[in-house]
Amino acid sequence: MPELPEVETVRRGLEKMVLGATIEHVEALYPKIINGDPKKFCCLLKERRILSIDRRGKYLIFNLSGELSLISHLRMEGKYFVKLSSDPLEKHTHIVFSLQGGRQLRYNDVRKFGRMELVPTSHKYEVPGIKKLGPEPTSASFDAVAFYQHLNKKKKAIKTALLDQTLVAGLGNIYADEVLWLSHIHPETPACHLDKEEAVQLHDYIIMELAKATKAGGTTIRTYTDAFQHLGSFQFDLHVYGKKGKPCERCGASIEKIVVGQRGTHFCPVCQKVK
DNA sequence: TCTCTTGTTGGATT
DNA sequence: AAATCCAACAAGAG
């Protein structure tokens, strides 16, 4: 599932392959992927050049010539491929961007949950979803004290708080479970029960873990691949996600799986204490 | 064949 | 306002 490290890996791959390319023609085979009028979407993209590719949280942002930006969210299983126009269309490819020179950028999404939309570049951070995002999880923009103060006002479970994207951007179900295990924090702990020391610890692990996972090219659990169709390797560094019934690497207790905020949640019942 | 599970976001409901 | 629930989908497991 593409969380921040996977989206960043996709972004870097796309940057290598389609930066500077000009879009000749766009076809929406499954138009519901597009927010707004699909005809207008395809029409507006013609003759635009891809000037840069950005990421904010789990959103990809293609900045195009003529002050237009394409915002794309992969949700569960969205993928981008770059193929020759002559290559047979793969199953579940929904949007095809034909590029000058005979290549195509293809958006593929088994679950059809992903979304994309066009906005003026000046408004790229103002779209709903991006506007409410918390800081990027880097030491430069993610402040530990602010994080602690923010947590202090929330009564919901820390796991749920980490997923809501307003405290910090980019964590999804896998990395949320992982950073809580690393921090010895039980996922159901009300966010406001964390003391400053625990919040700082969690903050540090969030930055470290996402950086480490990005370096590994992300985590491939089911089907994730980057734009080169390469698998990530961080699944070998996971401690709790998908480890139900396996011994905890720290204390040997059996990893449990429960539901927190309607999400599958993995934790060690012994070394992640409830507070 | 049917049911359950998978995860992200946004909108509706409480 | 904040917390909670569900829909948007497809596929694989049992």
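The values are calculated or read from the model by the stated rules, or taken from the named source; none is laboratory data. Note that the structure is a prediction, hence the values are computed from the model and not measured. Positions of Cβ are generated from backbone atoms using ideal geometry, with glycine treated the same way; all protein chains shown enter the neighbour counts. Only protein heavy atoms, including side chains, enter the accessible area calculation; ligands, DNA and RNA are left aside. Shrake-Rupley method; radii C 1.70, N 1.55, O 1.52, S 1.80 Å.
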Practice item. Please find the FRET efficiency linking A:ASP195 to A:LYS155, where r is the Cβ-Cβ separation and R0 is fixed at 22 Å, and quote it to the nearest 0.05. Key: 0.90
Revision key, fill the gap. Placing each pseudo-label 7 Å from Cα in the direction of the beta carbon, A:LYS46 and A:GLU126 end up separated by a distance in nanometres of 2.8 nm
Point to revise | DSSP-loop GluC sites (Glu not before Pro) across region A:49-157, with at most 15 other Cβ within 10 angstrom | key: A:GLU67, A:GLU90, A:GLU126
Study note, to complete from the structure: Taking N as the number of residues in chain A, the ratio of its alpha carbon radius of gyration to 2.2 N^0.38 Å works out to 1.07
Exercise for review: Once you have the Cα-Cα distance between A:SER85 and A:SER233, take 0.36 nm times their residue separation minus that, and quote the gain in nm to one decimal.
Suggested key: 50.3 nm
Review point. What is the spin-label model distance, in nm, from A:CYS251 to A:LYS39 if the labels are put 7 Å beyond Cα along the C-beta direction?
Key: 6.3 nm
**Study point:** Rg/Rg_ref, region A:144-267, where Rg_ref = 2.2 N^0.38 Å and atoms are Cα
**Key:** 1.05
Revision key, fill the gap. Measuring from the longest principal axis of the C-alpha atoms of chain A, the long axis of helix A:4-18 (C-alpha) lies at a number of degrees, nearest 10, equal to 20 degrees
Practice item. Loop only per DSSP, at most 13 neighbouring Cβ atoms within 10 Å: give me the trypsin sites (Lys or Arg not before Pro) in region A:92-181, ordered by residue number. Key: A:ARG111, A:LYS131, A:LYS132, A:LYS153, A:LYS155
Practice item. Calculate the radius of gyration of the Cα atoms of region A:4-123 to one decimal place, then report Dmax, the largest Cα-Cα distance, as a whole number, both in Å. Key: 12.9, 37
Check your understanding: Once the whole set of protein chains is in place, how much accessible area is left on A:ARG75, using a 1.4 Å probe, in Å² to the nearest 10?
Key -> 120 Å²
Check your understanding: Counting only heavy atoms of protein chains, what accessible area per residue, in Å², does region A:4-123 have with a probe of 1.4 Å?
Key -> 44 Å²
